[in-house]
1. I'm checking my understanding of the structure. Among residues of the range 41-69 that are of a type in the set (S, T, N, Q) and part of a loop (DSSP other than H, G, I, E, B), which one is modelled with the highest pLDDT?
2. For the range 70-87, does any single residue satisfy the condition of being open to solvent by less than 90 Å² (accessible area, probe 1.4 Å), farther than 24 Å from Thr122 by Cα and either outside any loop (DSSP other than H, G, I, E, B) or modelled with pLDDT of 60 or more (or both)?
3. Quick one: Phe118 ticks every box in (1) crowded, with 16+ Cβ neighbours inside 10 Å; (2) modelled with pLDDT under 90; (3) in a loop (DSSP other than H, G, I, E, B) except a single one, so which number is it?
Amino acid sequence: MKDDQSVSRPLGRRHTLQLLGAGLAVGGLFGAGGCNKDQGGSSGGSSQGASAKGAGCNTPVDDAAKTQRRTLQYVDKAVDPQKKCIDCAQFVDAQYAPCGGCKVLPGPVKPEGGCLAFAPKTAAPAASPG
């Protein structure tokens, strides 16, 4: 009789998505904890305040942000040219000039970068005649 627990199987799509969702939830909790660090005048954390805007693409990110960026597999140059950050609905233009920001990833993202959270920008609905 075979022991089913000793057999190694590749992750299925459902399990992979569950792990990704759990990673995003945990990353969001860590990211939300540091949102007000620079607003109170304390230093030592990276936030998206005025000091971050001046550093541009070289703005440092903390360990929780690095983990979230790894989880979403962010790269400075998109693997798929059709899925660049500049074409994503999450992209925030010129937040870290000359780089942009992201609603999902903390810290600067390059316009030509990419990650797993890509969501195409939707065109504004055309006004219907009449």
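The values are calculated or read from the model by the stated rules, or taken from the named source; none is laboratory data. This one's a predicted model, so the numbers in the text were calculated from it and none came from an experiment. Using ideal geometry, Cβ is built from the backbone for each residue, glycine included, and neighbour counts are taken over all protein chains shown. Calculation scope for accessible area: heavy atoms of the full protein, side chains included, ligands and nucleic acids excluded. Shrake-Rupley method; radii C 1.70, N 1.55, O 1.52, S 1.80 Å.
1. Quick first cut of the range 41-69, residues of a type in the set (S, T, N, Q) only: 42-43, 46-48, 51, 58-59, 67-68.
This time we only want the ones that are part of a loop (DSSP other than H, G, I, E, B), so: 42-43, 46-48, 59.
Details: Ser42: 35, Ser43: 37, Ser46: 38, Ser47: 40, Gln48: 39, Thr59: 88.
By that ranking, first place goes to Thr59.
2. Looking only at the range 70-87, we keep the residues that are open to solvent by less than 90 Å² (accessible area, probe 1.4 Å), and these are 71-72, 74-76, 78, 80-81, 84-87.
Subsequent filtering for residues that are farther than 24 Å from Thr122 by Cα retains 71.
Within this subset, residues satisfying the condition of being either outside any loop (DSSP other than H, G, I, E, B) or modelled with pLDDT of 60 or more (or both) are 71.
Scanning the range 70-87, I find at least one residue that is open to solvent by less than 90 Å² (accessible area, probe 1.4 Å), farther than 24 Å from Thr122 by Cα and either outside any loop (DSSP other than H, G, I, E, B) or modelled with pLDDT of 60 or more (or both), so the answer is yes.
3. All conditions are met except number (2).
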